[in-house]
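For reference, the structure discussed in these notes is given below.
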Amino acid sequence: MYYSLGDLNNFNKLDFVMQIKRKSGKKAANHFCDCMTLILNKAEHSDYFDEMNDEPTWSRIAVEHDGTPTLFCGSFSTKTFYIYTVKGNQVNREIKQLGNN
């Protein structure tokens, strides 16, 4: 599943989790919630997601069938692309700098 998160202020989190539950089952929905909790805890104690303070930004989320999320975020002003993944109990961030073309 692939989702575009345009306006995070109006994002219906419960509906999103229910979509995962309908498409992939309760176990996947619970796993997604656990992963997102890991990501939020990591972001609270680090500079993860600070790029979302820049304007304009964009974000996308891909959810594997087992509920594992991959978050893609980017800043147009700095031309930087961030990929957040969860593996086990670890949250990883990969940073890609886009070219000046």
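The values are calculated or read from the model by the stated rules, or taken from the named source; none is laboratory data. Predicted, not measured: the structure shown is a model, and the values here were computed from it. Cβ: placed from backbone, ideal geometry, glycine included. Neighbour counts: every protein chain shown. These area figures cover heavy atoms from the full protein model, side chains too; ligands, DNA and RNA do not enter into them. Shrake-Rupley method; radii C 1.70, N 1.55, O 1.52, S 1.80 Å.
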Requested in this report: For Lys79, go through the aspartates and glutamates and keep the ones whose alpha-carbon is under 15 Å away, minus same-chain ones fewer than eight residues off.
Outcome: Asp50, Glu51, Asp54, Glu55, Glu94
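So, R0 is 22 Å and r is the distance between the beta-carbons of Arg60 and Lys27; what FRET efficiency does that work out to, to 0.05?
Details: r = 24 Å, r/R0 = 1.08.
So, using R0 = 22 Å, E works out to roughly 0.40.
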Requested in this report: Round to the nearest 10 and give me the degree value, 0 to 90, for the angle of helix 13-24's Cα axis relative to the longest principal axis of the chain.
Outcome: 60 degrees
Report summary line: The value for segment 58-101 (convex hull of the alpha-carbon atoms, volume per residue, Å³) is 71 Å³
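Report the gain in length on full extension from Asn92 to Phe76: 0.36 nm times residue separation, minus Cα-Cα distance, nm rounded to one decimal. List each step's numbers first, then the result.
Numbers: separation 16, 0.36 × 16 = 5.76 nm, distance 2.16 nm.
Full extension of this stretch gives 3.6 nm more.
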**Report entry** Rounded to the nearest 10 Å², the accessible area of Thr78 at probe 1.4 Å
**Finding:** 60 Å²
Query raised in the report: What lysines could a cross-link reach from Lys13, if we take a straight Cα to Cα line under 26 Å and drop same-chain neighbours fewer than 8 places away?
Result: Lys21, Lys23, Lys26, Lys27, Lys42, Lys87
Report summary line: With every protein chain kept in place and a 1.4 Å probe, the residues Ile20, Ile83, Ile95 fall, from largest accessible area down, as Ile95, Ile83, Ile20
Report summary line: In degrees rounded to 10, the 0-90 angle between helix 26-44 Cα long axis and the longest Cα principal axis of the chain is 30 degrees
